[in-house]
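Read the structure below first, then the notes.
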Amino acid sequence: MIQTEVGKDILKAKLHLADSEVVAIPTETVYGLAANGLNSVAIAKIFTAKKRPLSNPLILHYKDTPSAFNDVIKIPDAARLLAQEFWPGPLTMLLPKKSHIPDSVTAGKHRVAIRVPNHPVTRALLESLDFPLAAPSANLYGCISPTTANHVLDQLNNRIPYILDGGKCNKGIESTIVGFDDGEVVVYRLGGIDIEALENCINKKILVTNKNNDDNEPLASGMVKHHYAPTTPLYSILEKDNKINLKNYGFIGLKNLDKDIPTENQYLLSSNGDLKEAAQQLYASFHVMDAKNYEAIFVELVPELELGRSINDRIRRALQKTKHKKSP
Ligand code: TXA
Ligand code: MG
């Protein structure tokens, strides 16, 4: 069994990575489970540690835009505009890969997902390396994404050697994934950058899909409905039945307490209804409420605009997981 160490030592993280090992790294969205993105032996360890199917491709993380664009071909003008505006930041772009990118990163697809993350610790780490970091979110496959080093430890203790602690992730929700199909910009996963901001940048309407253009399969694991869910059954607050004893039920809401559920069982995402703060708090609320062992957790959707769309997307996926069960 590997002993997992948690620390702030960038050099130690670098040495593990140079040794073909995996290291959890902080990003502004969620923690990633990183390995040398050009080394198939190291990449294989990501899949093992996460128990992730090999068919699910990985995002490559770069220190800056020139190094990211250096690994892809056919870069459209829209991609250059988006990079200029949003990198470093929570945007991932799918572009045709150069041949030196291992097929294990892209699961054999012709496009590779690239991103320049915006976290000072990981940027310093990337600066010290001469390869990009392949990194999915640092959770076990099918579990909640981690937004603190402790969340990573909870799930991956003894499965990885090192967690580079960069504090709490300030965006709290995964990157927005975009691709470029026949001159259109298509969002494949809603995330940390909202559609309005993307449209303003390229001055054009954006399509949202959950299909992968390559093979018509759901694109991202994020698109698989059971993702992002706590293990406690989760229900929409609209399903609450006041006849049941609500003392052992939890509630996750935006800014208003539920009048029937005990106040101490409630987690509000943002007291003033700020959607950025709510996004940052969402997975933390899942982690905290899941640990309370309630009979069930009720959750409310937030306004369907800007980051609210990304938040609702994750809540709907989480709700889907308990859909087949009878509501309380
Ligand atoms: O914010 C984020 O994007 C975080 C941080 C760590 O960067 N990463 C992340 O990775 O969320 P992951 O693996 O949990 O989700 C990325 C999704 C995957 O579900 C994968 O299917 C999709 O991106 N993806 C990656 N490469 C792809 C490719 N070449 N073609 C299609 N989909 C791809
Ligand atoms: Mg993930």
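A short reminder: the numbers here are calculations on the coordinates, not readings from a lab. Because the structure is predicted, anything quoted here is derived from the model rather than measured. Every residue, glycine as well, gets a Cβ built from its backbone with ideal geometry; the counts of neighbours run over all protein chains shown.
Which links in K12/K63; K14/K171; K97/K204; K204/K255; K74/K276; K171/K243 stretch past 27 Å when you go from one Cα to the other?
Working: K12/K63 18 Å; K14/K171 25 Å; K97/K204 25 Å; K204/K255 33 Å; K74/K276 33 Å; K171/K243 38 Å.
Where the Cα-Cα span goes over 27 Å, the pairs concerned are K204/K255; K74/K276; K171/K243.
Given the peptides 263-271, 276-284, arrange them by the average over their residues of other C-beta atoms within 10 Å, most packed first. Could the numbers behind the result be given before it?
Working: 263-271: 15.2, 276-284: 22.4.
In decreasing order of mean packing, 263-271, 276-284 become 276-284, 263-271.
Straight-line reach from K292: which lysines fall under 18 Å, measuring Cα to Cα and dropping same-chain residues less than 8 apart?
Excluding near neighbours in sequence, the set is K247.
Just to check I understand the Karplus step: with θ = phi - 60° and J = 6.51 cos²θ - 1.76 cosθ + 1.60, what whole-Hz values come out for segment 88-96, glycine and proline as x?
x, x, x, 10, 10, 10, 9, 9, x
If you take the alpha carbon radius of gyration of segment 234-320 and divide it by 2.2 N^0.38 Å, what ratio comes out, to two decimals?
On the way: Rg = 12.1 Å, N = 87, 2.2 N^0.38 = 12.0 Å.
In units of the globular-protein estimate, segment 234-320 measures up at 1.01.
Listed highest first by mean packing, meaning other Cβ atoms within 10 Å per residue, what order do 181-188, 154-161, 135-142 come in?
135-142, 154-161, 181-188
Between segment 251-328 and segment 148-184, what is the separation of their alpha carbon centroids in Å?
If you average the Cα positions of each part, the centres end up 20 Å apart.
I want the local charge near L305. Using Cβ-Cβ distances under 9 Å, sum +1 for each Lys or Arg and -1 for each Asp or Glu among the other residues.
Cβ neighbours under 9 Å give a net charge of -3.
Calculated from DSSP H runs of 4 or more alone, at -39500 (n - 2.57) each and per residue, what is the 222 nm mean residue ellipticity of the chain, nearest 500?
On the way: 10 runs with 94 residues, N = 328.
That calculation yields -8000 deg cm²/dmol at 222 nm.
If you take every DSSP beta bridge fully contained in segment 5-174, what fraction is antiparallel? Give it as a percent rounded to 5. Kindly include the intermediate steps, with their values, before the conclusion.
Numbers: 13 of 21 bridges.
Given both bridge residues lie in segment 5-174, the antiparallel proportion sits at roughly 60 percent.
What value does the chain have for Rg/Rh, both radii from Cα atoms and Rh as Kirkwood defines it? Working shown, then result.
On the way: Rg = 19.6 Å, Rh = 20.2 Å.
Computed over Cα atoms, the ratio is 0.97.
Give the order of Y62, Y294 when sorted by the count of other beta carbons within 10 angstrom, beginning with the fewest.
Y294, Y62
Per-residue counts of other Cβ atoms within 10 Å, averaged by peptide: what ranking do you get for 99-111, 122-134, highest first?
Working: 99-111: 15.7, 122-134: 19.7.
Those peptides, ordered most packed to least, come out 122-134, 99-111.
Which aspartates and glutamates, on any chain, are close to K168 with Cα under 14 Å apart, when same-chain ones fewer than 8 places away are left out?
E28, E277
Each residue of segment 156-165 in turn: what ³J(HN,Hα) in whole Hz from Karplus with 6.51, -1.76, 1.60 and θ = phi - 60°, glycine and Pro shown as x?
With the stated coefficients, segment 156-165 comes to 10, 3, 6, 10, 9, x, 8, 10, 7, 8 Hz.
In nm, give the distance between the simple-model label positions of D19 and S128, each being 7 Å from the Cα along the Cα-to-Cβ direction.
Spacing of the two 7 Å Cα→Cβ label points: 1.4 nm.
When a/c is below 1.5 the answer is rounded, else prolate if a/b is larger than b/c, else oblate, so apply that to segment 133-174 with a ≥ b ≥ c taken from the square roots of the Cα gyration tensor eigenvalues. Walk me through the intermediate numbers first.
Working: a/c = 1.41, a/b = 1.20, b/c = 1.18.
Here segment 133-174 falls in the rounded category.
Taking the DSSP beta bridges in the chain as the whole, what percent of them are antiparallel, to the nearest 5? Spell out each step's value before the answer.
Details: 19 of 43 bridges.
Taking every DSSP beta bridge with both residues in the chain, the antiparallel ones total about 45 percent.
Taking a cut-off of 17 Å between Cα atoms, list the aspartates and glutamates near K240, but don't count ones fewer than 8 places away on the same chain.
Those aspartates and glutamates meeting the cut-off are D258, D260, E295, E300.
Rounded, prolate or oblate: which fits segment 1-73 when a ≥ b ≥ c are the square roots of the eigenvalues of the alpha-carbon gyration tensor, with rounded for a/c under 1.5 and prolate only if a/b beats b/c?
Working: a/c = 1.68, a/b = 1.23, b/c = 1.37.
Verdict is oblate for segment 1-73.
If Lys and Arg each add +1 and Asp and Glu each add -1, what is the summed charge of the other residues whose beta carbon sits under 14 Å from the beta carbon of E174?
On the way: positive: R115, K171, R189, R309, R314, R317; negative: E28, D194, D313.
In short, +3.
In terms of the Cα gyration tensor, with a ≥ b ≥ c the square roots of its eigenvalues, is segment 47-148 rounded because a/c is under 1.5, prolate because a/b exceeds b/c, or oblate? Could you put the intermediate results ahead of the total?
On the way: a/c = 1.70, a/b = 1.22, b/c = 1.39.
In terms of gyration-tensor shape, oblate.
State the three equivalent ellipsoid semi-axes of segment 5-174, derived from the C-alpha gyration tensor as the square roots of 5 times its eigenvalues, in descending order and whole Å. Working shown, then result.
Working: eigenvalues 108, 61, 43 Å².
Equivalent ellipsoid of segment 5-174: 23, 17, 15 Å, largest first.
Hey, rough spin-label estimate for E199 and L305, points 7 angstrom out along Cα→Cβ, what's it come to in nanometres?
With each label point 7 Å from Cα toward Cβ, the separation is 1.2 nm.
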